[in-house]
1. Using a cut-off of 28 Å between alpha-carbon atoms, which lysines can reach A:K217, once sequence neighbours fewer than 8 places away in the same chain are excluded?
2. Using the Cα gyration tensor of chain A, with a ≥ b ≥ c the square roots of its eigenvalues, what is the shape: rounded (a/c below 1.5), prolate (a/b larger than b/c) or oblate (neither)?
3. Along the Cα-to-Cβ line of A:D76, 7 Å from the Cα, sits a label point; which residues in the stretch A:35-62 have backbone N less than 14 Å from it?
4. Compare the Cα positions of A:T408, B:L37, B:N107 along the charge dipole of the protein assembly as shown (+1 at Cβ of Lys, Arg; -1 at Cβ of Asp, Glu; about the Cα centre) and return the one farthest towards the positive end.
5. Check the straight Cα-Cα distances from A:K168 and name the aspartates and glutamates below 20 Å, setting aside those fewer than 8 residues away within the same chain.
6. Once you charge only the Cβ atoms, +1 for Lys and Arg and -1 for Asp and Glu, what is the size of the charge dipole of the stretch B:1-155 about its Cα centre, to the nearest 20 debye?
7. Which one of A:R90, A:R55, A:R26 has the biggest mean-square fluctuation once chain A is modelled by GNM with Cα springs under 10 Å?
8. Among the DSSP beta bridges whose two residues both lie in the protein assembly as shown, what percent are antiparallel, rounded to the nearest 5?
Amino acid sequence: MKPEPYVRREMLAPQPAPLGETGILRWMKANLFSGPVNSVISIAAGLFVLYVLYRLLPWAIQPSWNATSLSQCQDDPNITGACWGVIHDRFNQLMFAFYPHELQWRPLLAFGLMFVAIAPVLFDKVPRFLLAFTAMFPLLAIWLLWGGSAWPELMVLAGFFIGYAVHKALVGPAGELTAIILGVLATLLWWIFGVSPVAEMLQGVVPLDITPVESSKFGGLMLSITIGLAGIAFSFPLGIILALGRQSDMFIIKTLSVGYIEFIRGVPLITLLFVASVLLNYFLPRGTNFDLILRVVIMVTLFAAAYMAEVIRGGLAALPKGQYEAADALGLDYWKAMRLIIMPQALKISIPGIVGTFIGLFKDTTLVSIIGLLDPIGLANSIRGTTDWNGIVWELYLFIALMFWVFTFSMSRYSMYLENKLKTTH
Amino acid sequence: MTQTAEKAANSSAMHVSDEVAIEVRNMNKWYGDFHVLKDINLTVNRGERIVICGPSGSGKSTLIRCMNRLEEHQKGDIIVDGTELSSDLKNIDKIRSEVGMCFQHFNLFPHLTILENCTLAPIWVRKTPKKEAEETAMHFLEKVKIPEQANKYPGQLSGGQQQRVAIARSLCMKPRIMLFDEPTSALDPEMIAEVLDTMIELAEEGMTMLCVTHEMGFARKVANRVIFMDAGQIVEQNEPEEFFNNPQSERTQLFLSQILGH
Ligand SMILES: Nc1ncnc2c1ncn2[C@@H]1O[C@H](COP(=O)(O)OP(=O)(O)OP(=O)(O)O)[C@@H](O)[C@H]1O
Ligand SMILES: [Mg+2]
């Protein structure tokens, strides 16, 4: 055998650091006090943190958990700071708003099942068959949250199979693109004209219903999560399609994508929400009762998708041209090249931007309070309007901030985990 | 098979058949109003090993990239394996799956392991069952002498190893023609030999090869024709001995003196 060039074939196992190189003191020396400037900054920052805690903690640590009104806090000589009773008193409302008590297990169940549904997306160790559950979860969640007959959801689901069948039947004779277009068309037609009469008929034959809950009863954190998650779930694929559209060689598709992205990015979200709450009523046929939450979800999705598209386009642009060429040279067609080669890499590059967009979207759901939906901010306003809690400010908003932070922080930690996991160079 | 018998079989495989693999007729290409390729005529027979050289910017890459439609030509015909290259997508995909290509910068897929790099196209384009594709991939990885790297990622390999993987990846599609665009020019000198050895072995097995390279030792050893290009034209082509010892045109002489001179 010919001598091989000197290349390391096995990576060496990392060795434990020599003694005296570990431990908290070592870490502090390396990271906080590595030089005079660093030491001064560390000490100043440390003093600042201590000062903030010194002012904050005495205010925050108060025996006020059981107070039932602000005046009770003010009259109690033991309470000299925060009046946490408002959280205790209104906890259920902040979570569910006016969702009926005896039915609150339904959103809770949906929330629990959500973790089952996103697990196979987030972690590749989870069994793959759960992806089928993931795909059905949105419809299941809709049914659990709003109740009523399950048939419309089942019929919407059937739409996907119709589209798939049409595609399958046409892909041979008519080619990939035609088959996709006609498949999508068949699905849309079924959703618009087929779903509601057929669902009604089937409901007559086999009733499948649970107590319905109206959208006006929705609110609190539950509403934020519903809108946020729906927005995230739908804006992601839409964003991918728009990013690809923007890169397309086909003039019409490219122009439409660019036009859409630039238009949406030029308009504040709040405008779109007003359109959803007010203007759409003028355009929709009289008598159609197009749910406000659904309209908001659509607007939030459309809004976030434009940003998502730009983030993903950045990832696409960062890929060397050679990746496209290698995929082409191997005979992969456009869709396979995108799905197997280009997108996995582009998405990986864009993870920080994508998660940033998700976090932004989730926080932007608080804007719905302006069009009268009772998300936590909307509820805070109405709680502060009651006689019991008139005048309370910090405690409520801090709590709301904390709730949002828990979600956004988990997202950002997950994104770091994912970036780390997908690293394939050492 | 014994060593000598193998050699004999190899040299008989190096025989060039009369069957035409690639035919290029009066082909022209422009970038905007820049005329990159001018009236290219070229016939490649099955089993031929052609080395293309020429100064930078002379259109070598563009020429071989036209042969699997990474670049589109505007005038003339290119017929690969009996299929004419036109804008018909079906023809393009067919030709691409039968023509392997190796690039200067390897272009491995960094998010996939070496094995996945090699099995991807057979599985998705040829619809080969996964297990079979993996066996084929291991076979070719053994051939390029890096089966033990199969589960690593491209970023963990040296340049020479990556280029050999790229060759194996192309071979997994069982191509009838291989195109190489300066496969060794991004490599450190000590890694060039390992890649050239792989290519020589491939040539000995009778693969039809078109290779843009300035490795003149390689050209002497395996090429049966060397083509010199300048300013978008084929200036001269000849058998390697004749080409190097007795170049006809002045431009060829100048080019050879520059790359062999010092
Ligand atoms: N996409 C493009 N648009 C415009 N001009 C191009 C493009 N690609 C290549 N060219 C030009 O076409 C000419 C031929 O390029 P080509 O890459 O084929 O040269 P080459 O012979 O391979 O050179 P090198 O040895 O540097 O690789 C060069 O002058 C180059 O600048
Ligand atoms: Mg070149």
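1. Those lysines meeting the cut-off are A:K363.
2. Oblate, because a/c is 1.5 or more while a/b does not exceed b/c.
3. Answer for this model: A:60-62.
4. Of the listed residues, the answer is A:T408.
5. A:E176, A:D333
6. 260 debye
7. Fluctuation is largest for A:R26.
8. 55 percent
Readers should treat all values here as calculations from the given coordinates under stated rules, not as data from a laboratory. These numbers come from a predicted model, not from an experiment. All Cβ positions, glycine included, derive from the backbone under ideal geometry; neighbour counts span all protein chains shown.
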